[in-house]
Structure formats: structure tokens, C-alpha cells
1. Look through the range 80-135, keep the residues that are open to solvent by 100 Å² or more (accessible area, probe 1.4 Å) and assigned to a strand (DSSP E or B), and return whichever of them is nearest to Pro26 (Cα to Cα).
2. Tell me which residues, restricted to the range 58-79, are farther than 15 Å from Ser148 by Cα and part of a strand (DSSP E or B).
3. Just one of Arg50, Arg44 is out of contact with any strand residue (DSSP E or B) (no Cβ under 7 Å at 6 or more places or on another chain), under 24 Å from Thr160 (Cα atoms) and at pLDDT 60 or above; which is it?
4. Yes or no: Ser47 exposed (fewer than 15 other Cβ atoms within 10 Å of the Cβ) and not charged (D, E, K, R)?
5. Among the residues of the range 59-73, is there at least one that is at pLDDT below 90, in contact with a strand residue (DSSP E or B) (Cβ under 6 Å, 6 or more places away or on another chain), of a type outside the set (D, E, K, R) and under 22 Å from Gly131 (Cα atoms)?
6. Which condition breaks for Gln65 when tested against (1) in contact (Cβ under 8 Å) with a residue 40 or more places away in the chain; (2) touching an Asp or Glu at 6+ places or on another chain (Cβ under 9 Å)?
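The values are calculated or read from the model by the stated rules, or taken from the named source; none is laboratory data. Since this is a predicted model, take the numbers as computed values, not measurements. No Cβ is skipped: glycine too gets one built from the backbone with ideal geometry, and neighbour counts run over all protein chains shown. Just so you know, the surface numbers come from the protein's heavy atoms only, side chains and all, with ligands and any DNA or RNA stripped out. Shrake-Rupley method; radii C 1.70, N 1.55, O 1.52, S 1.80 Å.
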Amino acid sequence: MFTTSRSAIVLLVFGSAILVAAGPPPALKDPFLDNLVGDWSVTRKMSNGRTIESTVRGEWVLKHQFIQLHYGAGEKGPEYEALVFIGFDDAAKSYVCHWVDIFGGHYSGVGHGKLDPKLLGIEFRFDSKEGSVTNNFGFDPEMKSWTSLIRQEENGQWKTFAEEKWTKK
């Protein structure tokens, strides 16, 4: 058992050293994700009819590997704040979305999705013990605006959790 553990540690250290020596991949060039860069006004309509006004700042981070969406950026005491990182997993040929917000680690998640055939939207799917959630980000190239439809699965039924409309500031 001790030899197996030591071997695993040696392989982990060796593998990490190779990755560090190779350096990060080239900057991610993604015209679709480029459309998320900037400052946005967001209107979020909740399933209970309540409407929340917010802001989102989108920018490339981590050596241009992820778009970071900062919900509540620039607001004093935002009602909702989240950091969302969207990148591309070259090995899986799909997009990845890491969502972290004010509700803590229990509700943070990693979703995966593929760009739709028209290259105008991605639907991320997040699976957890409580059920699945999808978030469909759609871009309107004529209006230069975004929509986000968040749905959750409850008792085998898909229900809208929130709908967002993003407009450039």
C-alpha cells in the first residue's frame, strides 16, 4: 500500500512538472465568446415574477483561457453576485462553465455544453444531487445582445428558473 501511494505521488509530481515546463496553451481565440466582453445591464425575470436589475462585466482572464462574467460588478452591495468562467476543453471538444456565487460551495457547479450549429448559443448542463440545471446563453448578432434561460429539473419536469436579457452599457 505504501509503495503504491509513493508511486502515485511520484507520478503526480512528474506529470505536474511536465505541464509546468510545457507552459499554458496559446490564448483561446473564440469569436463567439468575444461577444461576451464588455459591461452589460442585465434584467433577470425570476419564475415567481420578480424582476432583478443587475450588471455583468465580461473579460478575458487567466492568459486568455476563460471569459470571466462578474455578476454584480461595480455595484455597491449587489443583491446577487457571481463569478462565472467559460472556457473551451480542447480534449472534449466542448465548452466548460464554472459557476460560483453568493450561495456558497454547495451550489457551485461545473457545466458542459456545445456551441449550437448556428454558432449563436451554448446550453450548459449542470448535474447535481438536487437535480439538473441548464443555462442557455444565446447571442443576437443584429441587436448585439444576449439572453440567458436558466431551467431546473424538478420531479422529472423542466421548469424555468430565470430569464435574463443583456444589453451593452
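1. In this case the residue turns out to be Arg125.
2. The answer is Glu59, Trp60, Val61, Phe66, Ile67, Gln68.
3. From the options Arg50, Arg44, the qualifying one is Arg50.
4. Spelling it out, Ser47 is indeed exposed (fewer than 15 other Cβ atoms within 10 Å of the Cβ) and not charged (D, E, K, R).
5. No - not one qualifying residue is present in the range 59-73.
6. (2)
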